[in-house]
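Encoded as structure tokens, the structure appears first; notes follow it.
The values are calculated or read from the model by the stated rules, or taken from the named source; none is laboratory data. Since the structure is predicted, the reported quantities are computational estimates derived from the model, not experimental observations. We place every Cβ from the backbone using ideal geometry, glycine too, and count neighbours over all the protein chains shown.
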Amino acid sequence: MLIDIIAGEHSDFMKIAPILEAIRKEHYKGTDIKYRYIYTGHHNDRVLSGNIYSKLGIEKPHINLETGSGTPVEQTATIMVRYEKILSVSPPKLILLIGDSNAAMGCGVAAKKLQQVDIGHVDAGLRSHDISKPEEVNRIVTDAVTNYYFTSAHSANDNLRKAGVAESNIFFVGNVRVDSLLKLSPYFEQPLLWKKLNLKPQGYIVFVYQREVLSAAILKEILNCIIEISQGMPIIFPVSNKVIEVIEQSNIRAENLVLTKPMGFLHLSYLVKHAKVVITDSVELQEDSTMMHVPCITINNNKERLETFTVGTNKIIAGNLNELRLMFDLLHTGNWKKGNIPYLWDGKAASRIIAAIKHIK
């Protein structure tokens, strides 16, 4: 049995790595299962290099669609056309789509149009319920063309049931990204700024803002609020050159505001693990902070990972800065919720995915 596994975004590789490893283990046992690892190529190819990927055991993709840059619509269209050609010549038995990228949606639609192969979706059923987000469109469309749904949360299962998906096609396997997080945790690496700033565990704040900065005024308001309530703790803020320009134009100044270049996963994870609190709009950091039992404040209305709020260490303010002040009162008085690890976030999701595929195929 041949499986196509589609990668398109940086975050996909953390999810794909344990799946590839699980397939290789089955193949070595004599199971008739192989994979074809396909990269759509519409993100910077540097994501395929670096220390983290060697530790995850990710090899060079078997096929690179070399989609290149362009608008999301242009990228998706190119992905569909190029993947359709591959399917027409050499169709697999099953396609595994990962997450909510243009790659997942484009390859899924191309495969469904041909009606030749079955489609599985890893991280199926997640919803923000905000259709204005491109990722939400990708999730809905990808789930609409999927045959088998590999889920990581009770809320995802509920969303699929409400959409009319048959129970027999839903496989609750856990969070496959956690598989990689647990594997990489022994390799978390102290960044140089730790000693330079004389950082101490639980003595600083990590602020990660990934969305495009639409308004300098909004960023200034958020940062000034964090500075005000930080009680002088260093605020570590990895930023791109574009964000630095916005900050400079906004004349945001504070001795404890530390702007750094974007960090690699191992360095950033070290800082997250030892932080007093993480303030972010990143879904991945919601997950990571919950796994590390670190308080996390989400500054937008991002609830795709609902279990990080209901079970884990995450709280949401959705842009309400008065709420942010109240959250810091909880932190400074030691009254933050302890948080637990969500169900099946145990490092075995990939093996469950492959076991389910063996069963259905």
Output for segment 221-246, where each listed residue is under 26 Å from the mean Cα position of the chain (by Cα), in a helix (DSSP H, G or I) and either free of Cβ contacts under 8 Å to residues at least 60 places away in the same chain or not assigned by TED's automatic domain parsing to the domain that holds Asn302 (or both):
Leu223, Asn241, Lys242, Val243, Ile244, Val246
Residue match in segment 93-111 (condition: free of Cβ contacts under 8 Å to residues at least 60 places away in the same chain and over 20 Å from Asp12 (Cα atoms))
no
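Yes/no per residue for (1) modelled with pLDDT under 95; (2) touching a Lys or Arg at 6+ places or on another chain (Cβ under 9 Å); (3) assigned to a loop (DSSP other than H, G, I, E, B):
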residue: Leu266; (1), (2), (3): yes, yes, no
residue: Tyr270; (1), (2), (3): no, no, no
residue: Ile279; (1), (2), (3): no, no, no
residue: Lys303; (1), (2), (3): yes, yes, yes
residue: Arg325; (1), (2), (3): yes, no, no
Being more than 19 Å from the chain's Cα centre (by Cα) and either crowded, with 19+ Cβ neighbours inside 10 Å or not hydrophobic (A, V, I, L, M, F, W, C) (or both) is the filter here, so list the residues in segment 88-106 that pass it.
Ser88, Ser90, Pro91, Pro92, Lys93, Leu94, Ile95
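Of the residues Ser69, Ser54, which is modelled with pLDDT under 95 and part of a helix (DSSP H, G or I)? Step through it out loud before you land on a result.
Working: Ser69 fails: part of a helix (DSSP H, G or I).
Going through Ser69, Ser54 in turn, just one is modelled with pLDDT under 95 and part of a helix (DSSP H, G or I): Ser54.
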Looking only at segment 108-164, which residues are closer than 13 Å to Arg305 by Cα, in contact with a helix residue (DSSP H, G or I) (Cβ under 8 Å, 6 or more places away or on another chain) and either surrounded by 15 or more Cβ atoms within 10 Å (Cβ to Cβ) or not assigned by TED's automatic domain parsing to the domain that holds Thr78 (or both)?
Asp123, Ala124, Gly125, Leu126, Arg127, Ser128, Thr151, Ser152, Ala153, His154, Ser155
